[in-house]
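All of the numbers you see were taken from the coordinates with simple rules; none came from a lab. Quick caveat, the model's predicted, so the values are computed rather than measured. Neighbour counts are summed over all protein chains in view; Cβ atoms, including those assigned to glycine, are modelled from backbone coordinates with ideal geometry.
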Amino acid sequence: MSTEATPAEPSTQAPKTGSKTAEAIEAARAQGRAAFIGYLPAGYPDKETSIAAAIELARNGADVIEIGVPYSDPVMDGPVIQQATTEVLARGFRLPEVFEIVAAVVEATDAAVLVMTYYNLIDRMGAEEFARRLAEAGGAGAITPDLIPDEAGAWMAATERHGLDRVFLTAPTSSPERVAQIVSASRGFVYGVSVMGVTGARDQVSDAAERVVNAARSAGAERVCVGLGVSTRAHVEEIGRYADGVIVGTALVAALRDGGPSAVAALTAELTGAETGR
Amino acid sequence: MSAPAEETQKYRDHEGPYFGSFGGRWMPESLVAALDEVEQTFREAKQDPEFLAEVHRLGRDYTGRPSLLTEVKRFAAEAGPARIFLKREDLNHTGSHKINNVLGQALLAKRMGKTRLIAETGAGQHGVATATAAALMGMDCVVYMGSEDTRRQALNVARMRLLGAEVVPVDHGAKTLKDAINEALRDWVASVEHTHYLLGTVAGPHPFPEMVRWFHQVIGDETREQILAMEGRLPDAVAACVGGGSNAMGLFHGFLDDPEVALYGFEAGGDGVETGRHASAITLGRSGVLHGARSFLMQDEDGQTVDSHSISAGLDYPSVGPEHAYLAETGRATYEPVTDAECMASFEMLCRTEGIIPAIESAHALAGAARLSRKWGAEGEGKIIIINLSGRGDKDVETAAEWFRMLPGQENDPVAETETAAKTGDESPSPAPETGVQA
Ligand SMILES: Cc1ncc(COP(=O)(O)O)c(C=O)c1O
């Protein structure tokens, strides 16, 4: 993409840019804790239940909510999330539903609401139109797991125009040059991938996670949140000691699958420590 | 590599990551370091005389290169006025062109110190080639294969297992090639430290399109030399089937900057592009990103990948290598769909007229070239078409027998029917149900 490959001007990550996600994370920091970021797939198991479950996330202490967009080829997702999003697609899910869900969750909560989407869904609609509709729905921005800054020219420009956050991922294998590029391209926060692998609950937090956070900080990142494999309160506390936010996905999706929104509420409370007054 | 010094040189040796607006690296960050390592290793190896000598030696002593260029007069006579030659990649060890790329990348993997190879496979040819290279070089091997394909290419599954590879059937999505690639990528993200993902076609993120082409360039280079030696001139057209596009890129490459040589790629037309049940991404013409590259992509209005359909497992892929998208867009190459029925008619014709059983993938190129010869009419007299016969059909005998209804209990069952009815194949084959194989 000769046009798309030209990265836009790097922007700062500071909250003064109007980043809703940055504000939510900074508010948590002001309370002396790491932000809690919960992921649930759009429309799972159906639209109304997915909205109800996302609202439970916020009620039980989530500062930022990620609404995952079901996609036919989710190469970064493990079996639990794949299974859920495949079911959503099989019942005839269409993309505009995401914006309706975002709008409903924004309306009902104070959390910053991001979408997490594979890039072809943005590309097909057009980066500009996708950004416009996301902003119109009150969304904070997007996490794009298969988009690297090298290819993000169109997305950078569109998010810039609509004041949206764009969260890029940094990995344990990212070189210092790449980390610097990722940090300067990101807006809202930088997503630190804690392990080499796909989404899915794991027993232990990898020791790579802290290195990933430190590398991003050295490159100037103001907010680094860690995800992939986080599933217990102990993980959340451990990561919270060095990161600005902790991201949980698979464990919440499994709870929604097995016990509906009330199970999401209970697990979120447990993970955030809300039940013990945090 | 031979380097023609012409100034008009325009398409040859085009390096990634971009081919016009196509290509790139639409990939998770976790894999970028591995892609950089592959690229770096590839660039160094290309300059290393020892590496080049080893690639050449393996090609000659293991694969059996150079492969033959065979004129097929009886096939050509039934097809139309043009003369037709086949580039015999079907005679390579393991039975297809895939081995060229596999041996090259396996050498690179060793150079990088990797001990494990993973691969996706559709028809099973790439999986077999990868399992073969792993056996030859003493590496571990896991091959991902859609469960729809493990069923229709059961013989190749057994071959891979005999060669010591683990075959993992993939049950998600359409259960074909694209889903096998998803699963291989998921493996690679977690195993990249010791594992090389040996991608089997000119698709995927940079540097795969450029690198896989480079390992297949030998097809076009040999063909060019052979036809010049045999006929003293270049062909009027070269033709190949296009799934991801590796056998086609390999052949095209020898002629990219000879404007007088027309380049034809034939995509899998399935039941016909108008039915929606096909694998003709270029013909459909929608740009998108999948598996690391921007290219033409079969997708719905939302950008969800649409399942492809083809009787040929090796062409059953909803996208295509980015360099083909570029050649299509610039008009340097022409891409047309060939339906299952057209393909199988040519499959049967080559068996009957030349005593060569082609891979069903390659039969798409036979059908497309035959159509071209017919279309040329009288003007085609004396013209030369070279077709890449990318693989042999041993793996497809059961699918073909079913298509022609020769299996026990079908109406052309040679045991039940008179011998002649089964053998002549004169009557046009009855249209097959669905993809032409039993559901
Ligand atoms: C014999 C043969 N030809 C062609 C193909 C298609 O691949 P490509 O388009 O990369 O040549 C395959 C893939 O399995 C194959 O086995």
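Okay, here's what the table says:
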| read-out | value |
| --- | --- |
| Rel. contact order, % - alpha carbon contacts under 8 angstrom, at least six apart, the stretch B:152-250 | 20 |
| Per-bin percent of Cα-Cα distances, the stretch A:209-278 [5 Å] | 4, 17, 24, 21, 15, 10, 6, 3, 0 |
| Cβ neighbours within 10 Å from other chains - mean over B:400-408 | 0 |
| Taking N as its residue count, the alpha carbon Rg of the stretch B:221-311 over 2.2 N^0.38 Å | 1.32 |
| FRET E, pair A:ALA266, B:GLU260, Förster distance 60 Å, beta-carbon r, rounded to 0.05 | 0.25 |
| 222 nm mean residue ellipticity, helices alone, for chain A (DSSP H n ≥ 4; -39,500 (n - 2.57); rounded to 500) | -14000 deg cm²/dmol |
| Pair B:LYS375, B:ALA77: separation of 7 Å Cα→Cβ label points (nm) | 2.6 |
| Cross-link partners of B:LYS114 among lysines (Cα-Cα below 24 Å; sequence separation of 8 or more within a chain) | B:LYS46, B:LYS98 |
| Residues whose placed amide H lies under 5 Å from that of B:GLU71, excluding near-sequence neighbours | B:LEU86 |
| Contour minus Cα-Cα distance for A:GLU100 and A:ARG211 (0.36 nm per residue) | 36.2 nm |
| Compactness index (Cα Rg / 2.2 N^0.38 Å), chain B | 0.92 |
| Over the stretch B:136-242, equivalent-ellipsoid semi-axes from the Cα gyration tensor in Å | 32, 17, 15 |
| Residues of type lysines that B:LYS375 reaches as a straight line, Cα spacing below 30 Å, ignoring anything fewer than 8 places off in the same chain | B:LYS10, B:LYS73, B:LYS87, B:LYS383, B:LYS423 |
| Considering only chain B, percent of DSSP beta bridges that pair antiparallel, nearest 5 | 30 |
| Simple spin-label estimate for A:GLN31 and B:ARG233 in nanometres, 7 Å along Cα-Cβ | 8.2 |
| Cα centroid separation - the stretch B:283-361 against the stretch A:166-190, whole Å | 37 |
| Per residue Cα convex hull volume in Å³ - calculated over the stretch A:66-142 | 91 |
| Modelled FRET efficiency - R0 60 Å, B:LEU136 with B:ASP413, Cβ distances, 0.05 increments | 0.90 |
| In nm, spacing of pseudo-spin labels at A:GLU160 and B:GLU50 (7 Å Cα→C-beta vector) | 4.8 |
| Approximate shape of the stretch B:312-378 as ellipsoid semi-axes (Cα gyration tensor, √5λ), whole Å, largest first | 23, 17, 9 |
| GNM flexibility winner over chain B from B:ALA154, B:ALA239, B:ALA53 (Cα, springs under 10 Å) | B:ALA53 |
| Ellipticity estimate at 222 nm from DSSP helix runs (n ≥ 4, -39,500 (n - 2.57)) divided over chain B, nearest 500 | -12500 deg cm²/dmol |
| Cα-based equivalent ellipsoid of the stretch B:30-131: semi-axis lengths in Å, sorted from largest, via gyration tensor | 33, 16, 13 |
| q = 0.07, 0.15, 0.17 Å⁻¹: log10 I(q)/I(0) that the Debye formula gives for the stretch A:16-272, counting C-alpha atoms only | -0.19, -1.00, -1.36 |
| Average Cα contact separation per residue, the stretch A:16-272, under 8 Å, 6 or more apart, as relative contact order % | 23 |
| GluC sites (Glu not before Pro) restricted to the stretch B:143-195 and DSSP loop, no more than 13 other C-beta within 10 Å | B:GLU193 |
| Peptide B:301-313 - average C-beta neighbours from other chains (10 Å radius) | 4 |
| Residues A:ASP258 and B:ARG57, FRET efficiency given R0 of 60 Å [Cβ-Cβ distance, rounded to 0.05] | 0.55 |
| Modelled label reach - B:ARG161, point 7 Å along Cα→Cβ, the stretch B:119-137 residues with backbone N closer than 15 Å | B:128 |
| Linear extension gain, B:ARG43 paired with B:ASP300, 0.36 nm per residue minus alpha-carbon span | 88.8 nm |
| Estimated translational D of the stretch A:110-219 in µm²/s (Stokes, Kirkwood radius over Cα pairs; 4 °C; 1.567 mPa s) | 89 |
| Antiparallel bridge percentage (DSSP; both residues within chain A; nearest 5) | 5 |
| Lysines whose Cα lies under 21 Å from that of B:LYS175, excluding same-chain neighbours fewer than 8 positions away | B:LYS395 |
| Hydrodynamic radius by Kirkwood, which averages 1/r over all alpha carbon pairs of the protein assembly as shown, in angstrom | 26.5 |
| Those trypsin sites (Lys or Arg not before Pro) in the stretch A:199-275 that DSSP places in a loop and that have at most 14 other beta carbons within 10 Å | A:ARG241 |
